Each structure stands twice: as structure tokens, then as C-alpha cells.
Amino acid sequence: MYSFLCDYSEGAHPRILESLVKTNLNQTDGYGIDSYCENACSLLKKEIGIDTVDIHFFVGGTQTNTTAISAFLRPHEAVISPKTGHIQVHETGAIEATGHKILTFPTIDGKLTPLEISQALFEHEDEHMAKPKLVYISNATEIGSIYTMSELESLHDICIKNHLFLFMDGARLGSALTAKGNDLTLNKIATLVDAFYIGGTKNGALLGEALVICNDALKADFRYHMKQKGALLAKGRLIGIQFEELFRDKLYFQLAKHSNNMATKIADGFAHYGYTFLTDSLTNQVFPILPNKIIEALESHFSFYRWLKIDDNNWAIRLVTSWATSEREVNELLDLLDKLHNTL
């Protein structure tokens, strides 16, 4: 049974495994102070186009979000997030466990706008309430949408006006930057947010995220925060080596583009039969709305999430493609859909 559950079902791109094996017996210093991590940071800074950013490597997204957000905030300060935000739904209260309240707002497409930020500021106006200080967004979002440059600029402007930090979760940043209609770059993101991270776990790495801190005010003592949160990996070179491979010749973007292409083919296949979608995803997550009979038949051959119940007869499912999803598997899915559509 082939899985469309997530984009980290497979291990890692062969080039990464080859590099890990090749360097296996090379001795290095620990905790990210090694030549591989240093070179990976140089490659990332070159790709970003700003040499003054600080870059730190983490094992995974939840660890990155928790460490960064708790480091950036004072004890009484809160996070503004979409209701669908990963820190709100899928991180087991990790942010709240550090003592910071998350202020959530419903959104149409998973994206925050200045309106929700203004509402949060209006509703939390004095010392009797948690003080909004950091705006959390994801690109791509949890439902596959992406931020445009104008949308990110509008968030940047309201954050600057109200002395808020703007933090971007980039677990699927590769997918966002290679999506149809995207007009953002790593350079532009770095000029508009205070910090963001580049996700490797969901784009060809065994594990690993690269946190980029752009705001000088947030850089001091950050490795102390990492150590205290258990995020300073002794064998830090393992992540550095992977990001070296991902960024030495734009492999990162090639893998993300493939993932998007496979998702687009799936979406086009469902649209061909007249099925509608929960969200207009441009990235590697597809959310078709299907009759229960079709879903049950598909579930006998493929794994995926039932994402949202629409009514008694229909669900929106989520299909996620990865850097390793083959066209053969996509064709098998669509061939089965064709048979089911014509028989059920």
C-alpha cells in the first residue's frame, strides 16, 4: 500500500546518504561547530544573499518553533497564529508549555492578514492580558496555500508599526518557493521577517531544519537557548552535511519542484472528473472532496488522511506528495480513480 500520508515517509535523497557514508569516519568538533556546518551556513547565506544572518541547525520543526519562539519572547508575551497553525494544532501544546499563550484566529485560506493582527492587538490592550508580541505564519500553510510578496509585505508593515516580531515556519518552504504563482525568494523573505526556517525533513533530508535569524536583536545568546531546550545536537555535523548537499547545486529546489509537480498531476486528475477541493493548494498537499464510497475504495490501495468531514456522504481527504513520489504511483492512483468513477 503506497502512502500519501506525508512528505517524510521515505528516508533521504541518495546523494545525502552517500555523503553521510563518505564522511562517516571524519572526526569533527561537536554541537554544530564543524567544517560541514560552517560550509552549509556559507551556502545558505549565499542563497539568501545576506551575509549577516545567523543560522542554526535543528533536528525538527517542533523543536525549532519551540526553541525560537520561547527565546524571542518575554514571559508575559503571546503569539498570534492562524487557527490552523502547526504550533496550535500539531505540537502538543509545546509553545504553551514554555509559558506563552497562542492567540488564534480563523482564516479562509490558512493565511493571516493585518486584520487578524489588528484584532489581536485590539482585544489584548493592557497588562491584564497576555501581550501579543510575535506573529507566527507558515509558508506553505497547513492547507497548502502560499504567501505572496504583497501579503508578506503587508504583514511586515503592521508588525513594524506595532513592534511585533514576524516568524515564518518553513517546514515546507521549498514547496512554497517552487509553487506556481510564487513571487517570493529567500532573499526577500529575509528582508521581511525577523526569523524563518528552511525545512529539510520534508524535502529530502533524513532530518533537519535551518533556522535563519535576521533581526540582530534576537541573535544574542541563542545557542544558550538551544542547549537549554535540548536542541544543541552533539553530532551537529549530521545536519550540516545534509544542507551542504541540498544547497551546493540547488538540489533543494529541484526536489521541492518534483513534489509540487506530482501533486499538480494528482489535482488535475481529480478535477478532470469534476471533483472540487477544500482549498486551492498550489503546493504538495491536495485536498479533494470525495464521496465516502470512493474514499473507502481508495483506502484499500493507498494511505492518506481523512482531513475534514463535509457532510454525511462526503469527506475532504489529504494527499501529500514528496521528493520521492514517482509518476508510476501517481498514475496508479489516477487509474484506480478512473475505474471507481466509472463503476461506483
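The values are calculated or read from the model by the stated rules, or taken from the named source; none is laboratory data. Here the structure is a predicted model, which is why all the values come from computation and not from measurement. Please note: Cβ atoms are built from the backbone with ideal geometry, for glycine as well, and neighbour counts cover all protein chains shown. Quick note on the areas: whole protein, heavy atoms, side chains included, nothing else; ligands and nucleic acids left out. Shrake-Rupley method; radii C 1.70, N 1.55, O 1.52, S 1.80 Å.
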Dipole of the chain, positive end: most advanced residue of M262, T279, T52 [Cβ charges, Cα centre]: T52
Summed residue charge, Cβ within 15 Å of S300's Cβ, Lys/Arg positive, Asp/Glu negative: -1
Kyte-Doolittle mean at least -1.0 and Cα axial length at least 27 Å: DSSP H helices in the chain: 251-272
Calculated diffusion of the stretch 23-82, Stokes-Einstein form, Kirkwood radius summed over Cα pairs, 10 °C and 1.306 mPa s, µm²/s: 112
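Percent relative contact order of the stretch 273-343, based on C-alpha pairs within less than 8 angstrom and at least six residues apart? Walk me through the intermediate numbers first.
On the way: 80 pairs, mean separation 22.6, N = 71.
Reported as a whole number, the value is 32 percent.
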Distribution of pairwise C-alpha distances over the stretch 48-91, 10 Å bins, in %: 21, 44, 31, 4
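Given 4 °C and 1.567 mPa s, compute D for the chain with the Stokes-Einstein relation, Rh being the Kirkwood radius over Cα pairs; round to the nearest whole µm²/s. The partial results should precede the final answer.
Numbers: Rh = 20.9 Å.
Diffusion coefficient, whole number: 62 µm²/s.
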Formal net charge of residues neighbouring E327 (Cβ-Cβ distance under 15 Å; K, R +1; D, E -1): -1
The stretch 230-344 - Rg (one decimal) and Dmax (whole number), Cα, Å: 17.6, 56
Square roots of 5 times each gyration tensor eigenvalue, C-alpha, the stretch 71-121, largest first, Å: 19, 14, 7
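Among the listed pairs K46/K83; K131/K229; K45/K219; K22/K219; K202/K229; K45/K111, which have their C-alpha atoms separated by more than 25 angstrom in this model? Could you put the intermediate results ahead of the total?
Working: K46/K83 35 Å; K131/K229 23 Å; K45/K219 16 Å; K22/K219 33 Å; K202/K229 22 Å; K45/K111 27 Å.
Check vs 25 Å cut-off fails for K46/K83; K22/K219; K45/K111.
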Protection proxy ranking of 108-115, 80-87, 195-202 - average other beta-carbon atoms within 10 Å, highest first: 195-202, 80-87, 108-115
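Counting DSSP beta bridges with both partners in the chain, what percentage is antiparallel, nearest 5? Let's see the in-between values first.
On the way: 21 of 38 bridges.
If we restrict to bridges inside the chain, about 55 percent are antiparallel.
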Percent breakdown of C-alpha pair distances by 10 Å bin, ordered from the shortest bin, for the stretch 24-144: 12, 33, 30, 18, 6, 1
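For the chain, what % of the accessible area comes from carbon and sulfur atoms, probe 1.4 Å? Walk me through the intermediate numbers first.
Details: 8120 of 15530 Å².
Here carbon and sulfur together make up 52 percent of the probe-accessible area.
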Rg in Å to one decimal, and Dmax rounded to a whole Å, for the stretch 286-333 via C-alpha atoms: 11.3, 35
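What value, in deg cm²/dmol to 500, does the helix sum -39500 (n - 2.57) over DSSP H runs of n ≥ 4 give at 222 nm once divided by the residues of the chain? Walk me through the numbers on the way to the answer.
Working: 14 runs with 143 residues, N = 344.
When only DSSP H runs of four or more count, the value is -12500 deg cm²/dmol.
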